Amino acid sequence: MEKINAVITGVGGYVPNYILDNEEMSTIVDTSDEWIMERIGVKTRHILKPEQGSGTSYMMTRAVKQLLEKTQVDPDSIEAVIVATTTPDYHFPSTASLVIGNLDLKNAFGFDMEAACAGFLYAMEVGAGMITSGRHKRIIVCGGDHMSSMTNYQDRNTCPIFGDGAACVMMEGTTEEVGLIDSYLRVDGKGYDPLHMAAGGSANMPSHETVDQRLHFVYQEGRTVFKHAVTNMSNAVETIAKRHNLTKDDIAWVVPHQANVRIESAVARRIGVEEEHVMINIDHMANTSGGTLPLCLWEYEPQLKKGDKIIFTAFGAGFTWGASYMIWGYDGAAEAAKSPAEFYKEGAISREEWYAKRNK
Ligand code: UT7
C-alpha cells in the first residue's frame, strides 16, 4: 500500500471586529504605545465583545464556515473536528461539539485539546496521525482562543499581550510527498508557577474568594517565560531542521507562535533565517494563544506555494513546546482570492473594512 501523508488543503479564519488599540489600552492600565511596541510589538488586538458574540465557539464556527465555503467540500464528508483551545466555552460540552452542532456536520465526531499556546501544534500532529493511519480521509483542525475572557485588565504586565481570534485548516490524505512530515513535541510539567490560571478547575473550584482574589485570570511571570520560550522554540526548530537536513536556505517559512516580537526575532536569529521568511502578525493580532499559528497561515496564504518547506514552532503553559516540519500542498494565491486578503495587503481599504469583508 502506498504511504499516505496528511496535507493541509485549505485555511479559514475569523477575528472579531472590535479593535482595541494601544491608545485605548493606555486608558485602561498605566502603559503607553511606546512601551508596548518596544517590549511586545503589539499595536492592536481584536476583542470579542459580549454584544457581538460569546465564547470561542462563536469565532471557531465562523472560521470553519469560511473554510467550508472556500474549499467547497461537502460538509457531510468531514469526519472529525479537533479544537485546540484553552478558553473553551464551557468545561463541557466541548467547543468542538458546539462547532459541529452549529454547522450541522452530520458525520463528524470531535473533541477539544488543551496544550495552551502550543495547542495547535499538538492538534496538527494528532490530526495528521488520524489521516496517515488510513482511518480518516478528511478532518478539520482548529486553533483559537477568547483570551480577553481570562485577561486581567488590571494587570499591565499581561493585558497588552493578548487578543481574540480563531482559525482552522482542512487536513486530507495524499500519496504525494507533501504534508506534515515530522514533529518534535515536548512537555516538561515544570511551568505551573510562572504561567497559569489558579482557579476554576477541579483543584481550586470557583468560589466568592477566588473571584475576589482575581484568580480566574492569566498569571504570568514574563521574564521567566520569555527565556524558556526563546530557548525551547529555537532548540526545537534546530532539532527538526537537523533531522531533515534542512539548511536555512531550504526553509521557505518559519511560523512561530506570536507571543512577543522579540521572541520571534530571537528565534529567527538563533536559526539564521531572515525575517522576511518568518510569518509575523503579532502587531495587529496580538497573542491569540492556540490561534496564532493558523491565523498566520490564514493571512499568509496568498504567498504560500506548493512545495514550500515550512517549520512551525510554539511554546506555552505547562511548559509545552515543539516544532513541526511541513511541505505545503497547494498554491495559496487562488484560494486566498476567495476571501479578499489582497485588499488588506495592498492597503486599498482600511484594516477594519478588510476584516469585515473576510468575516462576511
Ligand atoms: O504565549 C505564552 C508564552 N508567553 C510568552 O512567551 C510571553 C513572554 N514574556 C514576555 O513577552 C515579556 O516578558 C513581557 C512582555 C510579558 C514583559 O516584558 P519585559 O521586557 O520582560 O518586561 P519586565 O516584566 O521585565 O518589566 C520591565 C519593566 C518593569 O518596571 P521596573 O520594575 O523595571 O520599574 C515593569 O513594571 O516594565 C514595566 N512594565 C510596564 N511598563 C509599561 C510592565 N508592563 C508594562 C506596561 N507598560 N504594560
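The values are calculated or read from the model by the stated rules, or taken from the named source; none is laboratory data. Note that this is a predicted model, so its numbers are computed, not measured. Cβ: placed from backbone, ideal geometry, glycine included. Neighbour counts: every protein chain shown.
Tell me which residues, restricted to region 126-146, are outside any strand (DSSP E or B), charged (D, E, K, R) and either touching a residue at least 40 places away in the same chain (Cβ under 8 Å) or buried (at least 24 other Cβ atoms within 10 Å of the Cβ) (or both). Spell out how you get there, then give the answer.
Restricting attention to region 126-146, the residues satisfying the condition of being outside any strand (DSSP E or B) are 126-137.
Still in the running and charged (D, E, K, R): 135, 137.
Within region 126-146, 137 is the sole residue that qualifies.
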Fill in the blank from the handout: Of the residues in region 19-42 that are buried (at least 16 other Cβ atoms within 10 Å of the Cβ) and more than 11 Å from the ligand (Cβ to nearest atom), the one that is farthest from residue 301 (Cα to Cα) is 20
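Looking only at region 186-208, decide whether some residue is basic (Lys, Arg) and touching a strand residue (DSSP E or B) at 6+ places or on another chain (Cβ under 9 Å).
First, the residues of region 186-208 that are basic (Lys, Arg): 186, 190.
Applying the additional criterion that residues be touching a strand residue (DSSP E or B) at 6+ places or on another chain (Cβ under 9 Å) yields 186.
Yes, because at least one residue in region 186-208 is basic (Lys, Arg) and touching a strand residue (DSSP E or B) at 6+ places or on another chain (Cβ under 9 Å).
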Fill in the blank from the handout: Flagged in region 92-119 as exposed (fewer than 15 other Cβ atoms within 10 Å of the Cβ) and within 19 Å of the chain's Cα centre (by Cα), in numbering order, are 111
Exercise for the section: Taking residue 200 as meeting all but one of (1) more than 18 Å from residue 122 (Cα to Cα); (2) out of contact with any Pro (no Cβ under 9 Å at 6 or more places or on another chain); (3) away from the ligand (no atom under 16 Å from the Cβ), write down the number of the exception. Expected result: (2)
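Quick one: would you say residue 209 is away from the ligand (no atom under 16 Å from the Cβ), touching a residue at least 40 places away in the same chain (Cβ under 8 Å) and not in a loop (DSSP other than H, G, I, E, B)? Quick ask: steps written out before the conclusion?
Working: away from the ligand (no atom under 16 Å from the Cβ): yes; touching a residue at least 40 places away in the same chain (Cβ under 8 Å): no; not in a loop (DSSP other than H, G, I, E, B): yes.
Criteria not met by residue 209.
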Exercise for the section: Determine which single condition residue 239 fails, assuming it passes every other condition in (1) surrounded by 16 or more Cβ atoms within 10 Å (Cβ to Cβ); (2) β-branched (Val, Ile, Thr); (3) in contact (Cβ under 8 Å) with a residue 60 or more places away in the chain; (4) not in a loop (DSSP other than H, G, I, E, B). Expected result: (1)
Exercise for the section: Scan region 157-171 and give yes if some residue there is within 14 Å of the ligand (Cβ to nearest atom) and surrounded by fewer than 16 Cβ atoms within 10 Å (Cβ to Cβ), otherwise no. Expected result: yes
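So which of 309, 345 ends up being of a type in the set (Lys, Arg) and either within 21 Å of residue 121 (Cβ to Cβ) or at pLDDT 90 or above (or both)?
The conditions single out 309.
Conditions tested, residue by residue: (1) closer than 30 Å to residue 61 by Cβ; (2) in contact with a helix residue (DSSP H, G or I) (Cβ under 7 Å, 6 or more places away or on another chain).
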| position | (1), (2) |
| --- | --- |
| 146 | yes, yes |
| 151 | yes, no |
| 161 | yes, no |
| 182 | no, yes |
Problem - Yes/no for residue 2 being in a loop (DSSP other than H, G, I, E, B), away from the ligand (no atom under 16 Å from the Cβ) and in contact (Cβ under 8 Å) with a residue 60 or more places away in the chain - result: yes
